[in-house]
1. Any idea which of (1) more than 21 Å from residue 159 (Cβ to Cβ); (2) touching a residue at least 12 places away in the same chain (Cβ under 8 Å); (3) assigned to a loop (DSSP other than H, G, I, E, B); (4) out of contact with any helix residue (DSSP H, G or I) (no Cβ under 6 Å at 6 or more places or on another chain) is the one residue 99 doesn't satisfy?
2. Here are the criteria: (1) in a helix (DSSP H, G or I); (2) within 20 Å of residue 363 (Cβ to Cβ); (3) modelled with pLDDT under 95. Tell me which single one residue 155 does not satisfy.
3. Would you mind telling me which numbered condition in (1) surrounded by 19 or more Cβ atoms within 10 Å (Cβ to Cβ); (2) touching a helix residue (DSSP H, G or I) at 6+ places or on another chain (Cβ under 8 Å); (3) in a helix (DSSP H, G or I); (4) modelled with pLDDT under 95 residue 164 fails?
4. Considering the stretch 284-310 alone, what residues qualify as being assigned to a loop (DSSP other than H, G, I, E, B) and in contact with a strand residue (DSSP E or B) (Cβ under 6 Å, 6 or more places away or on another chain)?
5. The conditions are (1) in the same structural domain as residue 289 (by TED's automatic domain parsing); (2) in contact with a helix residue (DSSP H, G or I) (Cβ under 8 Å, 6 or more places away or on another chain); (3) free of Cβ contacts under 8 Å to residues at least 24 places away in the same chain, and residue 66 fails exactly one of them. Which is it?
6. Residues to consider are 52, 66; find the one that is over 35 Å from the mean Cα position of the chain (by Cα) and surrounded by fewer than 10 Cβ atoms within 10 Å (Cβ to Cβ).
7. Quick check: anything in the stretch 128-150 at positive phi and either in a loop (DSSP other than H, G, I, E, B) or outside the structural domain of residue 328 (by TED's automatic domain parsing) (or both)?
8. Can you pull out every residue in the stretch 261-281 that is touching a strand residue (DSSP E or B) at 6+ places or on another chain (Cβ under 9 Å) and surrounded by 24 or more Cβ atoms within 10 Å (Cβ to Cβ)?
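The values are calculated or read from the model by the stated rules, or taken from the named source; none is laboratory data. Computed from a prediction, not measured in an experiment: that's the story for all the values here. Counting neighbours? That spans all protein chains shown, and the Cβs are built from the backbone with ideal geometry, glycine included.
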């Protein structure tokens with residue numbers, strides 16, 4: 001016992017020494033030796049190639065420290081500058097209903113602070129809800145399998161483009177419809193540039209993809225995949241009859257980017273015989289949050305499963321015969337030979353996946369359909385009422401879901417400014433004479449009627 005006490009005292013003394021005299025890894029002598037090894041004499045030599053005009057000449061102008069109360073007041077003042085507007089804007093992010101229970105559940109510490117599930121034996125809860133997320137998304141899209149999600153809809157679309165390229169033995173070109181959201185297209189082009197993939201554009205005719213142009217480009221036989229969007233960037237619902245067959249005849253993959261919530265009523269990518277379904281899950285109850293964090297879904301057929309990036313959670317049995325979950329078929333570079341990896345994605349939007357999982361669980365199939373129907377009905381009511389005014393005309397004679405374009409014979413910027421002054425975010429200017437508006441299940445008839453009245457003045 002006495003020896004044990006002495007050992008404890010000795011250990012405490014050692015800890016005290018290290019706490020008093022902190023470890024400095026690089027002495028001046030060490031630094032000089034490293035510089036000499038590199039053929040330099042001073043640290044300034046490291047930055048000799050950097051232009052002098054971009055070098056830091058003074059310390060950063062960082063304000064003095066503030067107390068907690070001062071910080072709170074500072075950000076409250078900044079927040080008060082935000083306008084609380086009734087949102088009729090879409091373009092990829094939508095003001096959908098979020099059940100009040102979801103934030104309380106996902107903000108529990110075991111969820112909010114959960115990390116990537118490397119160790120399956122201690123991550124069963126995380127793996128379980130990811131499995132449920134995958135199951136629900138596969139059913140919603142009509143596809144065979146889903147991964148654990150991507151960062152957002154545009155990056156999911158770009159990863160689908162890479163899957164198409166990896167699937168093709170010879171072709172190195174992917175076609176993207178002109179009706180795909182420009183933000184998505186820009187991300188796809190960025191990914192393609194650094195992977196040596198050529199991007200071709202399918203022209204649009206009257207607000208939808210020109211099928212004849214797609215077939216003409218496919219006829220070259222050098223196309224790895226085709227990407228379209230449903231509803232497209234104008235809000236129009238496209239008819240993809242024969243698209244998949246045309247792609248498959250030329251050994252190309254058919255990829256559909258869709259608004260997740262709309263699939264509760266619209267024909268699914270699986271029904272269109274798509275090989276890959278992608279898009280953003282933000283419409284499934286995720287708040288707009290100034291642009292993120294969102295969640296990109298990526299689903300595919302069984303045939304494409306081994307080309308899918310990211311995590312795929314599978315269900316199995318442990319050695320006692322009990323249900324268990326594990327990470328399977330991981331195509332990311334940390335798990336397989338890097339030269340075989342189709343992506344460098346090594347994480348997922350796990351918290352957002354949980355958010356979407358709880359949302360779909362609470363809403364159920366019927367709830368998803370009802371919310372989608374309310375969005376559809378509200379948008380068509382607004383559209384019809386606007387067209388009663390001589391100032392508004394149809395931009396496209398195409399079916400739409402909950403987002404549409406109308407032409408305005410006045411000053412679009414002035415109209416949007418007028419609506420904003422009256423507490424309404426009235427839509428998105430897509431052309432000099434065209435506004436795109438969106439209606440979700442959150443918009444009341446009173447709010448819609450207020451917008452209509454302002455537009456008719």
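1. (4)
2. (2)
3. Among (1) surrounded by 19 or more Cβ atoms within 10 Å (Cβ to Cβ); (2) touching a helix residue (DSSP H, G or I) at 6+ places or on another chain (Cβ under 8 Å); (3) in a helix (DSSP H, G or I); (4) modelled with pLDDT under 95, residue 164 violates only (2).
4. Taking the stretch 284-310 as the starting set, the residues that turn out to be assigned to a loop (DSSP other than H, G, I, E, B) are 284-288, 292-295, 301, 308-310.
294, 308, 309, listed by residue number.
5. (1)
6. On the way: 66 fails: surrounded by fewer than 10 Cβ atoms within 10 Å (Cβ to Cβ).
The conditions single out 52.
7. Of the residues in the stretch 128-150, the ones at positive phi are 142, 149.
In the following step, the residues that additionally are either in a loop (DSSP other than H, G, I, E, B) or outside the structural domain of residue 328 (by TED's automatic domain parsing) (or both) were identified as 142, 149.
There is at least one residue in the stretch 128-150 that is at positive phi and either in a loop (DSSP other than H, G, I, E, B) or outside the structural domain of residue 328 (by TED's automatic domain parsing) (or both).
8. The initial filter retains those residues of the stretch 261-281 that are touching a strand residue (DSSP E or B) at 6+ places or on another chain (Cβ under 9 Å), namely 262-263, 266-270, 272-281.
Result: 263, 269, 274, 275, 276, 277, 278, 279, 280, 281.
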